[in-house]
1. In a strand (DSSP E or B) and surrounded by 14 or more Cβ atoms within 10 Å (Cβ to Cβ): does that describe residue 554?
2. Any idea which of 270, 238, 242 is without any contact (Cβ under 8 Å) to a residue 12 or more places away in the chain and hydrophobic (A, V, I, L, M, F, W, C)?
3. Quick check on residue 355: is it under 28 Å from residue 622 (Cα atoms) and more than 16 Å from ligand 2 (Cβ to nearest atom)?
4. Under the condition of being within 16 Å of ligand 2 (Cβ to nearest atom) and among the hydroxyl-bearing types (Ser, Thr, Tyr), which residue from the range 406-460 is surrounded by the fewest Cβ atoms within 10 Å (Cβ to Cβ)?
5. Give me the residue from the range 374-409 that is modelled with pLDDT under 90 and among the basic types (Lys, Arg) and, out of that set, farthest from residue 600 (Cα to Cα).
6. Tell me, which residue of the range 391-431 that is hydrophobic (A, V, I, L, M, F, W, C) and in contact with a Gly (Cβ under 9 Å, 6 or more places away or on another chain) is nearest to ligand 3 (Cβ to nearest atom)?
7. Name the single residue that is surrounded by the fewest Cβ atoms within 10 Å (Cβ to Cβ) among those in the range 483-520 being of a type in the set (Val, Ile, Thr) and over 26 Å from residue 413 (Cα atoms).
8. Exactly one condition in (1) over 26 Å from residue 713 (Cα atoms); (2) part of a strand (DSSP E or B) is false for residue 22; which is it?
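The values are calculated or read from the model by the stated rules, or taken from the named source; none is laboratory data. What you see is a predicted model; the values in this text were computed from it and never measured. With ideal geometry, Cβ positions are generated from the backbone for all residues, glycine too; neighbour counts draw on all protein chains shown.
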Amino acid sequence: MAIIRVALDVPLDCLFDYVSEETSSTDIGLRVRVPFGKREAIGIILDVCAATQITADKLKPIHQLYREIPPLPHDLIELYRFCNRYYHHPIGQVVMNSLPALLRKTRSVTCKPDGVLLWKLTSIGQTVGIDTIPARSKTKRELLRLLQQNRQTTAAFLGEITPHTRKLLRELVASGWAEETVVSRGQQTTTVTTAPAATAEQAEAIAAMTAMANQFTPWLLQGVTGSGKTEVYLQVAATILAQQKQVLILVPEINLTPQLEAIFRQRFPASPLISLHSGVTDNERLQGWCQAQHQQTGIVLGTRLAIFTPFANLGLIVIDEEQDSSFKQQDGLRYSARDLAIYRAKQLDIPIILGSATPSLESYYHAINGHYKHLRLRTRAASQARLPAIRCIDLRIVKAQEGLTEPVLNALRETTAQNLQSLVFINRRGYAPVLLCKSCRWTATCTRCSSRLVFHLPARQLRCHYCGYQQSVPSACPQCGDQDILPFGHGTQRIESALINHLPDARIMRVDRDSIRRKHAWQAILTTIQQKKVDILVGTQLLAKGHDFPNLALVCIINPDASLYSADFRAEEQLFTQLMQVAGRAGRAETPGTVLIQTEFPHHPIYQALMRQDYDHYAQQMLKDRQAMNFPPFAYQAALRAEAPVIQDALAFLGKASAASQNRHSKQIQLFDPVPAPMMRLNGMERAQLLVQADSRKSLQHFLTDWQPHLVALPTGSKLRWHLDIDPISL
Ligand code: ADP
Ligand code: ZN
Ligand code: ZN
């Protein structure tokens, strides 16, 4: 009779004890169904022991042990325990929320990869003559011939697979002429690409990384946009895959996966690849998860959650666009997938590549002080591609009409006339960000949030971009009755219609979250752009990230000034990154690129740095500022946040929390006053926060570990919610 300790999806930081007759310590990591209160719950066994403090009459037997999939690997359980300690988040919620949805249900599952059989010719198979097979085995000869033509093939190419052909294929495998593997659906690729000759810089990076391919090494691969970072990932991955190890590639958002997926599939047709992101079905995610655990897959491509995938033999982690804020989860377990990836790489003693044109200041700082190895790609890879010329248009001198200046319109006209593409970047969707009454200055605001409502066409609706609230446009000002209420400022829709007026012959397409709501819309948009069926794109940051548009020659950035003087010390870093990224879309192939920025502050250091495309100089400047102000990466932060129907309650809770801390007078810890959040109301709740700062990660963690039980013990009203956010990225 063993006592098993189970992680359950409840907000208490403890394991729950049960008895089980059939369990031993090798069952740690298995799923169990247990009685919990009046209901049943599903959980994961994290510990098996001989004794418990629960009295015998309260100790209950489990209802069922599921053995249909093998236990979660030890290193994944270690990762859960790390998240529990580091993020101060209940262990059961860490574990259960990282699992595929089907494993969280009180049901058994079947792991049968919904795969396709693939046959590959071996090197012996390449040399055997067809005549080795007796002439009467016509089908077998035909199969070998097909394989020798295609090197590898799936059932689709072999016609119908009858039990007879299946048997013949098995004979080919038995003779050592072919290999049989299972690949996931969609894997069958018809085009296979080979590696281009690496540029000198790429070759240097690849050589450095492959030389240290079997040990923990964090690499910062800092390469300008278009420098061919992907090619470096591919060639390092080739070495790892050749050692029969697996590769995990994390990307910031789901829209970037199809392009990268195609590139990896075509380069490694024989390595099964799976994609894990919010767009896959529950069953696909489960099957992908099982395949990774059984090493039926060589490459896992995914968004942040993929960091919790079990691997049989992981050999390399790549994080593309490592600075991207979407690697940080913003609710529940507020983890940073980038930081967890570093943890996993260290734990498994494998290399990790952080790739970016504009690294996060944290990673950049680690690289310049030697914690990470720093590799640079300073030039664009494709032989003719140059970095674009960047110019500011001073809005104080050159007036804009309908948001657009004459130089921008002229450049758009010229580019269109040359049959090249342009991108007009404005990071605000909708028609206008403000609806304003001319007589009394009333503006339309959200009733649930402290935000303005955005005016949207063609529905003529006002929408809140934070909570989704919407209403129709009032016919008169609700405050003074005046009918002269007007949209103010510019969004993508308004710029789009201005462009239609100015360039009636150009083919214009708007790309923002409103226009890609339909499923597969994104793929259709990419195809339209690639087939040159559009001249001018009007878009938000959706278009800024990572995509390679070879025909794009001009990028116009409309009014980026808004976030220059923000209260959040990271806003400027984020703006710089974003502008470097958008600018980097221009001139990626033969077409030289131009970037025009409409701004009222052309002399601001951010635009000066951008014009010189000097990330390093600017980053070093920002680091100096951060150091002077004692902000990350020179300090370590945690935010305690509370929300309640009225702000006073949230602030009062934080005040009590502050008073409950034992070491708040310690020198290593700085506890700031509770303040309302920059966006105070959200979705009907009012929010406040308290920032804790320390000189080292260790002293911050010590403090939080002491503080946590006091926080849990604090009385709260029924409507108050609070959470801790470790290494917060937005304040
Ligand atoms: P990044 O991710 O660094 O912005 P990409 O990986 O998208 O850059 O590469 C930019 C372009 O350069 C792509 O079209 C890619 O095919 C091409 N490219 C990369 N490496 C080479 C190379 N060694 N030779 C020729 N073209 C290359
Ligand atoms: Zn009014
Ligand atoms: Zn709202």
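1. Details: in a strand (DSSP E or B): yes; surrounded by 14 or more Cβ atoms within 10 Å (Cβ to Cβ): yes.
The answer is yes for residue 554.
2. After applying the criteria, what remains is 242.
3. Details: under 28 Å from residue 622 (Cα atoms): yes; more than 16 Å from ligand 2 (Cβ to nearest atom): yes.
Taking the combined requirement at face value, the residue satisfies it.
4. 439
5. 380
6. The first filter runs over the range 391-431 and keeps only residues hydrophobic (A, V, I, L, M, F, W, C), leaving 392-393, 395, 397-398, 400, 404, 408-409, 411-412, 417, 420, 423-426.
Add one more test, that the residue is in contact with a Gly (Cβ under 9 Å, 6 or more places away or on another chain), and what stays is 423-426.
Details: 423: 30, 424: 28, 425: 25, 426: 22 Å.
Going through the qualifying residues, I end up with 426.
7. Keep residues of the range 483-520 that are of a type in the set (Val, Ile, Thr), which gives 485, 492, 495, 500, 508, 511, 516.
In the following step, the residues that additionally are over 26 Å from residue 413 (Cα atoms) were identified as 485, 516.
On the way: 485: 24, 516: 18.
Among residues in the range 483-520 that are of a type in the set (Val, Ile, Thr) and over 26 Å from residue 413 (Cα atoms), the one surrounded by the fewest Cβ atoms within 10 Å (Cβ to Cβ) is 516.
8. Status for residue 22: all satisfied but (2).
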